[in-house]
Each structure stands twice: as C-alpha cells, then as structure tokens.
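Student: Provided herewith is a single structure, encoded as structure tokens, for subsequent inquiry.
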Amino acid sequence: MRRSKPSASESPTPGNAVFLVGFMGAGKSSVGRALGQRLNWVFEDLDDRIEAREGRTVGEIFRDSGESEFRRAEQAALERVLRELGGGVARIVALGGGAFVQKENAARLKAYGVPTIFLDAPLEELWQRCCAQADASGAERPLLRSLEQFRKLYQTRRRSYSKASLKIQTGDRAVETIAAEIAETLGLKKIELRTEQGEVE
C-alpha cells in the first residue's frame, strides 16, 4: 500500500526523534536507554509496543501467526510512532532487527526526515552478546542455533542497515560513550527538567 508524504501537521519537530537500527545484539536498547537518560528523552523499543498491543511476545506472534502477520503489526506500530512525533515529545526508538530491512518502513522514516542510526559491531561480538542474553533470559532464539545462519542473515540485512543516516560502532565500547557520540554528532539537545522547587536538573 502506497502512502503519501506526511503533512506539515504530522511531521515531527526537527531534532526531536532518533531511530536506532541494526542487527540483534548491536546494543539498540542499551544505547537507546543511555541516550534517553543523557538527554531526558523518552526511550521506546518498538517490539515492546507491538507486544503490548498484540498481547503476545514477538516469538509467539512468529510462531502462531507467521512473519507476515508480525511485519504487518510492526509496520502499523511504526506508523503510529511517527504520527505521535508530531506532538513534540522527544523520543528515541529502537527498531527490531528486521524492521529497517522492510522497504516500506525505511521509506516512511525517510519521508518523515528523522535520523536513523545504524549500530554495528563485529559479527563474533554480536553472536556472543546474543548468546549471553539468551542464556540470561532463558528465551529460545532459533537464530542462535547456528553461527553460519546468524552470519548469513547479518550479511543480508547489513546492506539495508548501511542506508541509515549515520553508522556508529558499538564493539567493545561503553554505552555511555556511544550515547555521547550520537548526541554530539547529531547535535541533540538535552531537555532540562525542573523539580517541584523550580530547580533545573
């Protein structure tokens, strides 16, 4: 389905949104949270929004309804986020590993003019991070059954990730350092919060 470009009333305020893209294990959620804390911006993981709306985990959606149904829900969730940006709330959004690979999603992000940041790391480090996360959570991740399968999917998706506005390496780096680099490179402004006494935090 083709969509028109956003109207002026729908478009986000310049500089009030950042979208993080990249493969699993790249650090989208951890960097997004650190950047949100640094700037006092809202951080949101798009997969969390999808799960809340669907009442199922991403894994359950894939298992019970298939990838096409998940991609439909993902596209709808992204569309809602983009429209909400017109309200002026500064937001950092982490996209699932396959979201930016979908041409319609990438086109919508480009149409809205919001910066997309490709977080990347060496393949071996991505694999180790994902394995450690799976061990800690006990969650089953089919893609972690084979390093070769993991590698092939990464290489396939990387071509799409490379079309993002900016690429940042996360390998062997502290999340706070990465967040600082993103904020400085994009010139993102911190929101000053005031206490009940009127003091700026």
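Student: Hey, among A106, A73, A121, A77, which residue is in contact with a helix residue (DSSP H, G or I) (Cβ under 9 Å, 6 or more places away or on another chain), more than 19 Å from T170 (Cβ to Cβ), touching a residue at least 40 places away in the same chain (Cβ under 8 Å) and not polar (S, T, N, Q)?
Tutor: Matching residue, one of A106, A73, A121, A77: A106.
Student: Could you check the stretch 45-61 and list, in sequence order, the residues that are surrounded by fewer than 16 Cβ atoms within 10 Å (Cβ to Cβ) and within 19 Å of the chain's Cα centre (by Cα)?
Tutor: Correct list: D48, A52, R53, T57, G59.
Student: OK, next. Across the stretch 162-185, what is the total count of residues that are of a type outside the set (V, I, T), assigned to a helix (DSSP H, G or I) and exposed (fewer than 15 other Cβ atoms within 10 Å of the Cβ)?
Tutor: Qualifying residue count for the region: 3.
Student: Of all the residues that make up the stretch 74-100, how many are charged (D, E, K, R) and either modelled with pLDDT of 95 or more or touching a His at 6+ places or on another chain (Cβ under 8 Å) (or both)?
Tutor: Qualifying residue count, the stretch 74-100: 4.
Student: Taking L144 as meeting all but one of (1) under 19 Å from the mean Cα position of the chain (by Cα); (2) surrounded by 14 or more Cβ atoms within 10 Å (Cβ to Cβ); (3) not polar (S, T, N, Q), write down the number of the exception.
Tutor: The single condition L144 does not satisfy is (1).
Student: Can you give me the ranges of the helices (runs of 4 or more DSSP H) entirely in the stretch 31-137 with at least 1 residues that are more than 24 Å from S162 (Cα to Cα) and among the acidic types (D, E)?
Tutor: 46-54, 58-65, 67-84, 123-137
The values are calculated or read from the model by the stated rules, or taken from the named source; none is laboratory data. Nothing here was measured: the structure is a model prediction, and the numbers come from that model. Cβ atoms come from the backbone with ideal geometry, glycine included; neighbour counts cover every protein chain shown.
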